[in-house]
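Heads up: the structure comes next, in structure tokens.
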Amino acid sequence: MARIKNIELPKDKALFIGLTAIYGIGQSTAKKICKAVNIDPEMKVRDVTNEQENILRGEVDKYLVEGELRREVQMNIKNKMEIGSYQGIRHKKGLPVHGQSTRSNAKTRKGKGKVVANKKKATK
């Protein structure tokens, strides 16, 4: 039962895949971590010993992950909103930030469609 940064790693997966359960660690970073501590990245998480787990914990501490990374990302977004940059304005309005089309897509970001009332045609 490997537990790193208060995240329970999935025990039936390869170590480098299990490390990706930690926010901020992808596959390439996980392989770098395994290489730095000389642990086979293909071994299963359940086969990791306590000593290896402690070494992994120390190596993961060198990276910005989980709460610290989430906090930094939120602060970056907040800063963009405060200075009124294009991306900050898009965040405020709840629209896609990276140039995606909004005419027919972006339902996830925009939410459920808002009904626009029709004007009644004048009758003669």
query = For the chain, what is the mean residue ellipticity at 222 nm derived from helices alone (per DSSP H run of n ≥ 4: -39500 (n - 2.57); sum divided by total residues; nearest 500 deg cm²/dmol)?
reply = -12500 deg cm²/dmol
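Counting only heavy atoms of protein chains, what accessible area per residue, in Å², does the chain have with a probe of 1.4 Å?
Ligands and nucleic acids excluded, the figure is 76 Å² per residue.
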task = Mind scanning K5/K110; K13/K107; K62/K92; K92/K114; K11/K31 and naming the pairs with a C-alpha gap bigger than 22 Å?
result = K5/K110; K13/K107; K62/K92
note = Summing +1 per Lys or Arg and -1 per Asp or Glu among the other residues with Cβ less than 14 Å from T29's Cβ gives +2
key: FRET efficiency estimate (nearest 0.05) - Cβ-Cβ, N105 to L64, R0 22 angstrom   = 0.10
query = Expressed in nm², what is the orientationally averaged projection area of the convex hull enclosing the Cα positions of the stretch 70-118?
reply = 4.5
Radius of gyration and maximum dimension Dmax of the chain, Cα, Å = 22.8, 87
remark   = Spelling it out for Y23: with amide H atoms placed in the peptide plane at 1.01 Å from N, the residues 5 or more places away or on another chain with amide H under 5 Å from its amide H are E66
query = With every protein chain in place, what's the accessible area of Y63 (1.4 Å probe, Å², nearest 10)?
reply = 70
task = Would you work out which of Y63, Q87, L15 lies farthest towards the positive end of the dipole of the chain, given +1 charges on the beta-carbon of Lys and Arg and -1 on that of Asp and Glu, about the Cα centre?
result = Q87
Spatial separation of Cα centroids for the stretch 17-74 and the stretch 92-117, in angstrom = 36
query = Rounded to a whole number of µm²/s, how large is the Stokes-Einstein D of the stretch 1-62 at 25 °C and 0.890 mPa s, given Rh as the Kirkwood radius over C-alpha pairs?
reply = 222
request  = Report the accessible area of E68, computed with a 1.4 Å probe over the heavy atoms of all protein chains in place, in Å² rounded to the nearest 10.
outcome  = 80
ask   = Between K119 and Q74, what FRET efficiency comes out of the Förster formula 1/(1 + (r/R0)^6) with R0 = 35 Å and r the beta carbon distance, rounded to 0.05?
value = 0.25
task = From largest accessible area down, sort M43, M81, M75; use a 1.4 Å probe on the protein chains.
result = M75, M81, M43
remark   = In the chain the accessible area split gives carbon plus sulfur, as whole percent at 1.4 Å, a share of 51
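The values are calculated or read from the model by the stated rules, or taken from the named source; none is laboratory data. Just so we're clear, the structure is a prediction, and the values are computed from it rather than from any experiment. Ideal geometry is used to build each Cβ from the backbone, glycine not excepted, and the neighbour counts take in all protein chains shown. Quick note on the areas: whole protein, heavy atoms, side chains included, nothing else; ligands and nucleic acids left out. Shrake-Rupley method; radii C 1.70, N 1.55, O 1.52, S 1.80 Å.
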